[in-house]
Amino acid sequence: MIQKKLKIIHLATVVLALIGMLFVLWLQYYRGMFPCPLCILQRVLWIAIGLVSLSAFFVSRQIWLAKCFLVMNIFFACLGLLVSGRQVYLQHLPPESVPACLPDLATLLNLLPLQKVVQIIFQGSGDCALVHKIWFGFSLAEISFAGFVFIFILFLFTLIFFSRFFIYSKI
(Lines give C-alpha, C1' and ligand atoms only; values in the text may rest on other atoms or scores of the structure.)
Protein backbone atom coordinates (compact mmCIF):
# COMPACT_ATOMS: atom_id res chain seq x y z
CA MET A 1 0.00 0.00 0.00
CA ILE A 2 2.73 2.47 0.96
CA GLN A 3 4.68 1.62 -2.20
CA LYS A 4 1.69 2.59 -4.35
CA LYS A 5 1.43 5.93 -2.56
CA LEU A 6 5.15 6.53 -3.03
CA LYS A 7 4.88 5.67 -6.71
CA ILE A 8 2.00 8.14 -7.12
CA ILE A 9 4.02 10.88 -5.39
CA HIS A 10 7.06 10.20 -7.57
CA LEU A 11 5.00 10.04 -10.76
CA ALA A 12 3.26 13.32 -9.89
CA THR A 13 6.67 14.91 -9.29
CA VAL A 14 7.92 13.70 -12.68
CA VAL A 15 4.82 15.16 -14.35
CA LEU A 16 5.24 18.46 -12.47
CA ALA A 17 8.90 18.75 -13.47
CA LEU A 18 8.10 17.83 -17.08
CA ILE A 19 5.28 20.38 -17.34
CA GLY A 20 7.53 23.04 -15.82
CA MET A 21 10.37 22.28 -18.23
CA LEU A 22 8.03 22.29 -21.23
CA PHE A 23 6.62 25.64 -20.10
CA VAL A 24 10.02 27.33 -19.75
CA LEU A 25 11.19 25.88 -23.06
CA TRP A 26 8.04 27.29 -24.67
CA LEU A 27 8.79 30.66 -23.10
CA GLN A 28 12.37 30.49 -24.36
CA TYR A 29 11.76 29.38 -27.93
CA TYR A 30 8.35 30.89 -28.68
CA ARG A 31 8.24 33.99 -26.49
CA GLY A 32 11.95 34.90 -26.72
CA MET A 33 12.61 34.88 -22.96
CA PHE A 34 16.17 33.58 -22.74
CA PRO A 35 17.30 32.22 -19.35
CA CYS A 36 19.86 33.90 -17.12
CA PRO A 37 22.53 31.76 -15.36
CA LEU A 38 20.39 31.34 -12.22
CA CYS A 39 17.44 30.26 -14.40
CA ILE A 40 19.64 27.64 -16.03
CA LEU A 41 20.67 26.31 -12.60
CA GLN A 42 17.02 26.11 -11.59
CA ARG A 43 16.26 24.14 -14.76
CA VAL A 44 19.09 21.73 -13.96
CA LEU A 45 17.70 21.22 -10.45
CA TRP A 46 14.15 20.62 -11.76
CA ILE A 47 15.56 18.06 -14.20
CA ALA A 48 17.48 16.42 -11.35
CA ILE A 49 14.32 16.21 -9.21
CA GLY A 50 12.41 14.76 -12.15
CA LEU A 51 15.10 12.16 -12.90
CA VAL A 52 15.41 11.11 -9.26
CA SER A 53 11.63 10.73 -9.04
CA LEU A 54 11.55 8.81 -12.30
CA SER A 55 14.26 6.48 -11.01
CA ALA A 56 12.38 6.07 -7.73
CA PHE A 57 9.19 5.27 -9.62
CA PHE A 58 10.86 2.33 -11.36
CA VAL A 59 13.42 0.96 -8.91
CA SER A 60 12.49 1.79 -5.29
CA ARG A 61 11.54 -1.65 -4.04
CA GLN A 62 13.87 -1.68 -1.04
CA ILE A 63 13.31 0.51 2.00
CA TRP A 64 16.78 2.02 2.13
CA LEU A 65 16.71 2.84 -1.59
CA ALA A 66 13.31 4.51 -1.34
CA LYS A 67 14.59 6.64 1.55
CA CYS A 68 17.70 7.57 -0.45
CA PHE A 69 15.53 8.83 -3.32
CA LEU A 70 13.47 10.89 -0.90
CA VAL A 71 16.59 12.40 0.67
CA MET A 72 18.07 13.20 -2.76
CA ASN A 73 14.90 15.04 -3.77
CA ILE A 74 14.93 16.97 -0.48
CA PHE A 75 18.57 17.90 -1.17
CA PHE A 76 17.83 19.09 -4.72
CA ALA A 77 14.80 21.03 -3.48
CA CYS A 78 17.00 22.78 -0.88
CA LEU A 79 19.50 23.72 -3.59
CA GLY A 80 16.59 24.96 -5.70
CA LEU A 81 15.37 27.08 -2.80
CA LEU A 82 18.81 28.67 -2.50
CA VAL A 83 19.11 29.41 -6.22
CA SER A 84 15.57 30.65 -6.77
CA GLY A 85 15.65 32.55 -3.47
CA ARG A 86 18.79 34.34 -4.61
CA GLN A 87 17.12 35.27 -7.89
CA VAL A 88 13.99 36.54 -6.13
CA TYR A 89 16.25 38.63 -3.90
CA LEU A 90 18.03 40.09 -6.94
CA GLN A 91 14.70 40.86 -8.59
CA HIS A 92 13.55 42.86 -5.57
CA LEU A 93 16.69 45.01 -5.34
CA PRO A 94 16.33 48.70 -6.15
CA PRO A 95 17.48 49.46 -9.73
CA GLU A 96 20.64 51.24 -8.59
CA SER A 97 21.75 48.17 -6.58
CA VAL A 98 21.37 45.65 -9.40
CA PRO A 99 24.73 44.11 -10.40
CA ALA A 100 26.10 44.64 -13.90
CA CYS A 101 25.26 42.18 -16.68
CA LEU A 102 27.59 39.23 -17.29
CA PRO A 103 28.47 37.22 -20.37
CA ASP A 104 26.33 34.14 -20.97
CA LEU A 105 26.98 30.93 -19.04
CA ALA A 106 28.77 29.16 -21.91
CA THR A 107 31.31 31.97 -22.19
CA LEU A 108 31.92 31.98 -18.45
CA LEU A 109 32.45 28.21 -18.42
CA ASN A 110 34.93 28.45 -21.30
CA LEU A 111 36.97 31.23 -19.71
CA LEU A 112 36.93 30.51 -15.98
CA PRO A 113 37.24 27.52 -13.63
CA LEU A 114 33.95 26.06 -12.39
CA GLN A 115 34.40 27.28 -8.81
CA LYS A 116 34.82 30.87 -10.00
CA VAL A 117 31.81 30.55 -12.35
CA VAL A 118 29.58 29.38 -9.47
CA GLN A 119 30.80 32.27 -7.31
CA ILE A 120 30.09 34.79 -10.08
CA ILE A 121 26.65 33.32 -10.78
CA PHE A 122 25.58 33.63 -7.14
CA GLN A 123 26.76 37.22 -7.01
CA GLY A 124 24.15 37.72 -9.69
CA SER A 125 23.89 39.83 -12.77
CA GLY A 126 21.54 42.33 -14.31
CA ASP A 127 20.04 39.51 -16.37
CA CYS A 128 18.99 37.66 -13.22
CA ALA A 129 17.36 40.78 -11.80
CA LEU A 130 15.15 41.26 -14.86
CA VAL A 131 11.53 40.55 -13.92
CA HIS A 132 9.05 39.03 -16.34
CA LYS A 133 5.60 38.89 -14.78
CA ILE A 134 4.20 35.61 -16.04
CA TRP A 135 1.35 34.27 -13.97
CA PHE A 136 -0.93 36.31 -11.69
CA GLY A 137 1.83 38.91 -11.39
CA PHE A 138 4.50 36.49 -10.18
CA SER A 139 7.89 36.11 -11.84
CA LEU A 140 9.27 32.77 -12.97
CA ALA A 141 11.75 32.84 -10.09
CA GLU A 142 8.93 33.28 -7.57
CA ILE A 143 6.92 30.48 -9.16
CA SER A 144 9.99 28.26 -9.15
CA PHE A 145 10.66 29.13 -5.50
CA ALA A 146 7.09 28.13 -4.61
CA GLY A 147 7.54 24.88 -6.54
CA PHE A 148 10.76 24.06 -4.67
CA VAL A 149 9.02 24.82 -1.35
CA PHE A 150 6.20 22.46 -2.32
CA ILE A 151 8.63 19.68 -3.35
CA PHE A 152 10.69 20.17 -0.18
CA ILE A 153 7.65 19.95 2.11
CA LEU A 154 6.11 17.06 0.16
CA PHE A 155 9.23 14.89 0.31
CA LEU A 156 10.11 15.85 3.88
CA PHE A 157 6.66 14.81 5.12
CA THR A 158 6.80 11.72 2.93
CA LEU A 159 10.16 10.77 4.44
CA ILE A 160 8.88 11.33 7.98
CA PHE A 161 5.69 9.33 7.36
CA PHE A 162 7.60 6.65 5.47
CA SER A 163 10.11 6.25 8.32
CA ARG A 164 7.37 6.03 10.97
CA PHE A 165 5.41 3.51 8.90
CA PHE A 166 8.34 1.12 8.66
CA ILE A 167 9.31 1.50 12.31
CA TYR A 168 5.89 0.31 13.48
CA SER A 169 5.16 -2.21 10.77
CA LYS A 170 6.50 -5.68 9.97
CA ILE A 171 6.38 -5.15 6.18
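Brief remarks on what is shown
- Of the candidates Leu11, Leu16, Leu38, Leu54, the single residue that is open to solvent by 40 Å² or more (accessible area, probe 1.4 Å), in contact (Cβ under 8 Å) with a residue 60 or more places away in the chain and part of a helix (DSSP H, G or I) is Leu16.
- Qualifying residue in the range 53-64 (condition: within 19 Å of the chain's Cα centre (by Cα) and under 18 Å from Leu156 (Cβ atoms)): yes
- Hits in the range 57-71 (condition: hydrophobic (A, V, I, L, M, F, W, C) and touching a residue at least 12 places away in the same chain (Cβ under 8 Å)): Phe57, Ile63, Ala66, Phe69, Leu70, Val71
- Qualifying residue in the range 118-125 (condition: touching a Lys or Arg at 6+ places or on another chain (Cβ under 8 Å), at pLDDT below 70 and closer than 22 Å to Leu27 by Cβ): yes
- Output for the range 22-35, where each listed residue is more than 20 Å from Arg86 (Cα to Cα) and open to solvent by less than 30 Å² (accessible area, probe 1.4 Å): Leu27, Gln28
- Extreme residue, farthest from the chain's Cα centre (by Cα), among residues of the range 80-106 that are open to solvent by 60 Å² or more (accessible area, probe 1.4 Å) and at pLDDT 80 or above: His92
The values are calculated or read from the model by the stated rules, or taken from the named source; none is laboratory data. What you are looking at is a predicted structure, and each value in this text was computed from that prediction instead of being measured. Heads up, the Cβs are rebuilt from the backbone with ideal geometry, glycines too, and the neighbour counts pull from every protein chain shown. Heads up: the accessible areas ignore ligands, DNA and RNA and are worked out on the full protein's heavy atoms, side chains in. Shrake-Rupley method; radii C 1.70, N 1.55, O 1.52, S 1.80 Å.
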